[in-house]
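The values are calculated or read from the model by the stated rules, or taken from the named source; none is laboratory data. All values reported here derive from a predicted model rather than from experimental measurement. Using ideal geometry, Cβ is built from the backbone for each residue, glycine included, and neighbour counts are taken over all protein chains shown. For accessibility, only protein heavy atoms count, side chains too; no ligands or nucleic acids. Shrake-Rupley method; radii C 1.70, N 1.55, O 1.52, S 1.80 Å.
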Amino acid sequence: MYSHPKPFWDTGARLGEFGVNALFVHSGSITSEMLARATSEDARVYAEFSTLNGKGYVEKYPEAWPVNQHGEKAPAANWLMGACPTDPGFRAWRMKQLDELLDRFELAGVWMDYFHWHAV
């Protein structure tokens, strides 16, 4: 299942009843409670980690803001804001977030999503 299972669980259903044995959940919405329940229902939890998401970083460090073909700041794409993948500070910032995620939760794995240059 690719989403947080709360709406599914709110119906009273259990993951195994529908053959769900793995969840791919946005890393920011993983909680200890969700992980414990999924594990109790024999489902593995994988974190979706938007690797090159610079939202929260480029606002403070504009040198990492992606630019378009005209040299202008590229706009955010809805919830995702690209960032310059060669900026050392940005790489360290995202690695710290990934380390914190892995320290906090025992996950089956991490899906490194948006592992591409995401700007116009």
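One table, with the values for the structure above:
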quantity: Qualifying position, being open to solvent by 90 Å² or more (accessible area, probe 1.4 Å) and under 20 Å from the mean Cα position of the chain (by Cα), among 17, 33; calculated: 33
quantity: Any hit, segment 42-51, residues being over 17 Å from residue 3 (Cα atoms) and either of a type in the set (D, E, K, R) or open to solvent by less than 50 Å² (accessible area, probe 1.4 Å) (or both); calculated: yes
quantity: Residue count for segment 45-63, restricted to those that are out of contact with any Pro (no Cβ under 9 Å at 6 or more places or on another chain) and either among the acidic types (Asp, Glu) or without any contact (Cβ under 8 Å) to a residue 60 or more places away in the chain (or both); calculated: 9
quantity: The listed residue being crowded, with 16+ Cβ neighbours inside 10 Å and modelled with pLDDT under 85, out of 119, 77; calculated: 119
quantity: Criterion violated by residue 27 - all others in (1) under 24 Å from residue 96 (Cα atoms); (2) out of contact with any Leu (no Cβ under 6 Å at 6 or more places or on another chain) satisfied; calculated: (2)
quantity: The listed residue being within 29 Å of residue 1 (Cβ to Cβ) and open to solvent by less than 90 Å² (accessible area, probe 1.4 Å), out of 87, 113; calculated: 113
quantity: Residue pairs meeting the criteria (Cβ under 8 Å; at least 6 apart or on separate chains; first under 13 Å from residue 28 (Cα atoms) and modelled with pLDDT of 95 or more, in segment 103-114; second open to solvent by less than 50 Å² (accessible area, probe 1.4 Å) and of a type in the set (A, V, I, L, M)); calculated: 105/30; 105/35; 105/45; 105/47; 110/47; 110/98; 110/101
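Here is a yes/no grid of residues against (1) out of contact with any Cys (no Cβ under 6 Å at 6 or more places or on another chain); (2) farther than 17 Å from residue 48 by Cβ; (3) among the hydrophobic types (A, V, I, L, M, F, W, C); (4) without any contact (Cβ under 8 Å) to a residue 40 or more places away in the chain:
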{"site": "65", "(1), (2), (3), (4)": "yes, yes, yes, yes"}
{"site": "68", "(1), (2), (3), (4)": "yes, yes, no, no"}
{"site": "76", "(1), (2), (3), (4)": "yes, yes, yes, yes"}
{"site": "80", "(1), (2), (3), (4)": "yes, no, yes, yes"}
{"site": "86", "(1), (2), (3), (4)": "yes, yes, no, yes"}
{"site": "94", "(1), (2), (3), (4)": "yes, no, no, no"}
